[in-house]
Amino acid sequence: YESLLAKTKTMSVSGCDDECFTNTAKYVWLGLYDQTLVEYSGDSKGVRGVRLLTPSEYKNSIKDILNVDVAQSQLPKRVVSHEFKFDTDSHSGVMNYENVNNYLKLAQSIAQDFDFSNTSYNTNTQANYLAIAKKVYRRVLTASETVTLTGVYNNSSIEDAMTVLLISPNFLYRHEIGEYDAENSAYKLNNFEVATALSYQIWGTTPNDWLMNLAENSELSTLEEIRAAAQTMTEQPQVTTNFVEFLNFYTKSYEELFEKPSLSQDVIDAMVSEREYATQYLLEEGSSNIDELFNPSYTFVNADLATHYQVNSSSNSMVKINVDRNRGGLLHQGLTQIANSDFTSTSLVKRGKMIRENMMCHTMGVPSGVDPSDIELPDRDISTVERWDLITGETASEGQCWKCHQLMNEPGGALESFDAAGQYRTTEAAYNNSNAVVDIDASGILRNNTGFIELDTYQDTRDLSEFIANDDDLRACFVDNMYRFGFGQSVDSAVQESVDFTASKFVQSGNIKELIIDLVSSENFLYRSDR
């Protein structure tokens, strides 16, 4: 409470004295709202600049504009830094010669597959080409661009004309530069930049005709207009697709997955669908609450996945089923488990590191370089958790490993009830004796990021999952992740106050759709400054 009170006093709320701040903090602490705090909009500014489209944004945009499917193998590799966690990082999108050449080849391949008749434009005409150019550039063309592109169309093949559009920086980069607004001492995004930022942040793709019309009619100029548009957008199915993309990074499940022992490609594909269907249900028919994201009483399976999970369903298509405490939710989905495992064995370090870094916003240190194979194991049969606690424990390697590994081993051990193929189990082969079987103990302690304070004790994955979904600090971490994913920037001092305010609302409500709307209807979305 004292920490919350101190933070509340840093907010610039007009007409709020010490007594007002004390009451405001108390009301938030009690789960209530003081009207003054609710109306606070902040005065922070976002970051001005350009961002290279991510591979998924590129793929989605090509599909929506040209109705051409780009194979995953054709796309550029994701650039994901350890610290940032998402491929939306605006600092990593630098185009060098090799990148440009790869994008040129990709553009040529797409242009060869393009056919006007597969789009709403139907026929190959100059007017339709320029209309597509407007959608590719995500704004009205300038007079000189119109002249230039008309010349390209009239003097080139349609393949070359389309390639010109797709290799343009106007397509490859999202522009969030704005025009200087002296009254606010910042750069205010123009309507087309707002439409683009809204579309990619909420839908993960290029603006559609509705958003472009709003921009052309100057109906995205105020925070109120932006909020109204965002509310409409969160009711559309595209929001699910983009939120699934976020969840794949949030759970470190974004890499392409391949068959391994006890795991076929059909089951992997079904696991991918499980997350998509569960997320769609959450946002469209469920509560949209983070607790339901982690702890629903249901999941979606087809016959292949039902057999793999050992649950009852014979449907060839994905269907919703009720489940017990060992299934349902992000940490219980097979996709999370197999993506954070090794080829034949689980990896409690990978799983624990994912929880610690992504869900608790704790950047772990680098490995010490100590060789655990030099550590002698006991003669008795031991579990995987015991093995890791021995070779990285307080007495091993003079404690060099334990400071970090304790924080990873404990939450990672909570997921040991799921094997490397994502199947639930209560026993495992002993680590040091493949002929023996030992019981799995998934209980443990979750500590804060200092390692000195116990946050929660849990008996299994469900207990841990319920804590993660409902703890105030971990909900605030979820907001930090959403900000990074959407804005392509880390939270810095210039936006901290605004993001903290958004987080305080999410801590109380847990509503994901409201969070998406709040993030794009804040001043740091509309107004930008040079950093």
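The values are calculated or read from the model by the stated rules, or taken from the named source; none is laboratory data. Remember, predicted model here, so these are calculated numbers, not experimental data. All Cβ positions, glycine included, derive from the backbone under ideal geometry; neighbour counts span all protein chains shown. With ligands, DNA and RNA removed, areas are computed over all heavy atoms of the protein, side chains included. Shrake-Rupley method; radii C 1.70, N 1.55, O 1.52, S 1.80 Å.
Remarks
- Entry remark, region 282-329: residues being open to solvent by 30 Å² or more (accessible area, probe 1.4 Å) and outside any loop (DSSP other than H, G, I, E, B) number 9 in total.
- Out of D439, D473, D463, D456, sole residue that is in contact with a Ser or Thr (Cβ under 7 Å, 6 or more places away or on another chain), acidic (D, E) and open to solvent by 30 Å² or more (accessible area, probe 1.4 Å): D439
- Remark: pairs (first residue in region 95-123, in contact (Cβ under 8 Å) with a residue 12 or more places away in the chain and over 18 Å from D160 (Cβ atoms); second residue aromatic (F, W, Y) and surrounded by 12 or more Cβ atoms within 10 Å (Cβ to Cβ); Cβ separation under 8 Å; 6+ apart in sequence or on different chains) = M95/Y103.
- All conditions in (1) assigned to a helix (DSSP H, G or I); (2) in contact with a Phe, Trp or Tyr (Cβ under 9 Å, 6 or more places away or on another chain); (3) open to solvent by 30 Å² or more (accessible area, probe 1.4 Å) hold for I445, with the sole exception of (1).
- Restricting region 124-172 to residues that are among the small types (G, A, S) and touching a residue at least 24 places away in the same chain (Cβ under 8 Å), the residue that is farthest from F114 (Cα to Cα): S168
- Lone qualifier among E416, E398 - being of a type in the set (D, E) and farther than 23 Å from Q337 by Cα: E398
- Set A143, A127, A131, A111: member being modelled with pLDDT of 95 or more, over 27 Å from R78 (Cβ atoms) and open to solvent by less than 50 Å² (accessible area, probe 1.4 Å): A131
- Boolean, C361 is at pLDDT below 90 and either within 25 Å of H82 (Cβ to Cβ) or open to solvent by less than 10 Å² (accessible area, probe 1.4 Å) (or both): no
- Restricting R356, R351 to those that are modelled with pLDDT of 80 or more, under 20 Å from N470 (Cβ atoms) and assigned to a helix (DSSP H, G or I) reduces the list to R356.
- Among the residues examined, T426 does not qualify as surrounded by 13 or more Cβ atoms within 10 Å (Cβ to Cβ), in contact (Cβ under 8 Å) with a residue 12 or more places away in the chain and hydroxyl-bearing (S, T, Y).
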